[in-house]
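Below you'll find the structure, written out as structure tokens, and then a few comments.
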Amino acid sequence: MNGDPVLQVTGLEASYGAAQVLYGLDLAVGRGEVVALMGRNGAGKSTTLKSVMGLMGTVKGDVRLFGHSILGLSPHRIARAGVGYVPEDRRIFAGLTLEENLDVGRHPPRTWPDGTPAPSWTPERLYDLFPNLGRMPGRAGGQMSGGEQQMLTVARTLMGNPLLLLLDEPSEGVAPLIVREMARTVREMKEAGLSVLVSEQNLGFATEVADRVYVLEKGEVRYTGPMADLAADADAQARYLGV
């Protein structure tokens, strides 16, 4: 990671009631960097993203966006600060058209802390990014396939012009063609300068898109390094991912 981090998580602990899930987690995401958060089911990947987004009730430690603590802020204030969140379960508005879903997520263009323009997304640019969506702007969300809904969820989040994108299991439960489309999309977001923290179990997908990786096991970081190193380390894959 070069320069100051966009996201800095330090000593993060999170619980569901009396059940603690995260134990002293540290991670960072740089500007224009894609970082993968990997691990088996129940390792704490989704909980980490929810904690950053302010969706967990009990959280300790610190979460900083461009050096400013966002821990304890409400989700809408974190979103306004420039964090976009794509949940695993999509949560589109089934009764609204594709265009209306996009309009719900609209936010004015942002700038980076140094005053330079940040990546800005319009429906037209998103239709270039997701050609399938460009062919169905008037279709209701509930009439779209699971893969199309996944693309719409990402596109709607990008309409908020985030500086940091939290992407939860984008390859889960969609066809291989959509997985390839999502990988291409993440690479294009990176080229545009967006920072991405992606929770993922699919090693092939993560290898295609990520610069670095953190592997969680029982709520703790057990492995961290360049994504290419994990992709070449069969022992670590077997130990932490069950691959």
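The values are calculated or read from the model by the stated rules, or taken from the named source; none is laboratory data. All of these numbers come straight from a predicted model, not from anything done at the bench. We place every Cβ from the backbone using ideal geometry, glycine too, and count neighbours over all the protein chains shown.
When H68 is tested against (1) more than 19 Å from S199 (Cα to Cα); (2) touching a Gly at 6+ places or on another chain (Cβ under 9 Å), only condition (2) is not met. The set of residues in the range 1-19 that are of a type outside the set (G, A, S) and within 16 Å of L194 (Cα to Cα) comprises M1, N2, D4, P5, V6, L7, Q8. Being exposed (fewer than 14 other Cβ atoms within 10 Å of the Cβ), of a type outside the set (K, R) and in contact (Cβ under 8 Å) with a residue 40 or more places away in the chain holds for only one residue in G193, G242, G219, G225, and it is G242.
G204 - would you say it is surrounded by fewer than 19 Cβ atoms within 10 Å (Cβ to Cβ), among the small types (G, A, S) and either within 28 Å of G61 (Cα to Cα) or in contact (Cβ under 8 Å) with a residue 40 or more places away in the chain (or both)? For G204, the condition - surrounded by fewer than 19 Cβ atoms within 10 Å (Cβ to Cβ), among the small types (G, A, S) and either within 28 Å of G61 (Cα to Cα) or in contact (Cβ under 8 Å) with a residue 40 or more places away in the chain (or both) - is not met.
Restricting attention to the range 40-54, the residues that are surrounded by 17 or more Cβ atoms within 10 Å (Cβ to Cβ) and on the phi < 0 side of the Ramachandran plot total 10.
Could you tell me whether any residue of the range 124-147 is among the small types (G, A, S), crowded, with 17+ Cβ neighbours inside 10 Å and not in a loop (DSSP other than H, G, I, E, B)? Checked against the condition, which is being among the small types (G, A, S), crowded, with 17+ Cβ neighbours inside 10 Å and not in a loop (DSSP other than H, G, I, E, B), the range 124-147 yields at least one hit. Selection within the range 28-38: residues that are part of a strand (DSSP E or B) and either in contact with a helix residue (DSSP H, G or I) (Cβ under 8 Å, 6 or more places away or on another chain) or polar (S, T, N, Q) (or both). The member of this set that is nearest to Y240 (Cα to Cα) is M38. The condition (being touching a residue at least 12 places away in the same chain (Cβ under 8 Å), buried (at least 16 other Cβ atoms within 10 Å of the Cβ) and not hydroxyl-bearing (S, T, Y)) is satisfied by just one residue among G32, G24, G67, G11: G32.
May I ask you to list the residues in the range 148-185 that are of a type in the set (S, T, N, Q) and outside any helix (DSSP H, G or I)?
If the condition is that a residue be of a type in the set (S, T, N, Q) and outside any helix (DSSP H, G or I), then N161, S171 are the ones that fit.
Put simply, of S15, S51 the only residue that is within 17 Å of K218 (Cα to Cα), at pLDDT 95 or above and of a type outside the set (F, W, Y) is S51. For the range 70-100, the candidate set comprises residues that are in a loop (DSSP other than H, G, I, E, B) and of a type in the set (D, E); within that set, the residue that is farthest from the chain's Cα centre (by Cα) is D89. Considering L177, L102, the condition of being out of contact with any Phe, Trp or Tyr (no Cβ under 9 Å at 6 or more places or on another chain), hydrophobic (A, V, I, L, M, F, W, C) and farther than 29 Å from S51 by Cα is satisfied by L177 alone.
Within the range 39-79, being closer than 22 Å to E208 by Cβ and out of contact with any helix residue (DSSP H, G or I) (no Cβ under 6 Å at 6 or more places or on another chain) holds for R40, N41, A43, K45, S46, T48, L49.
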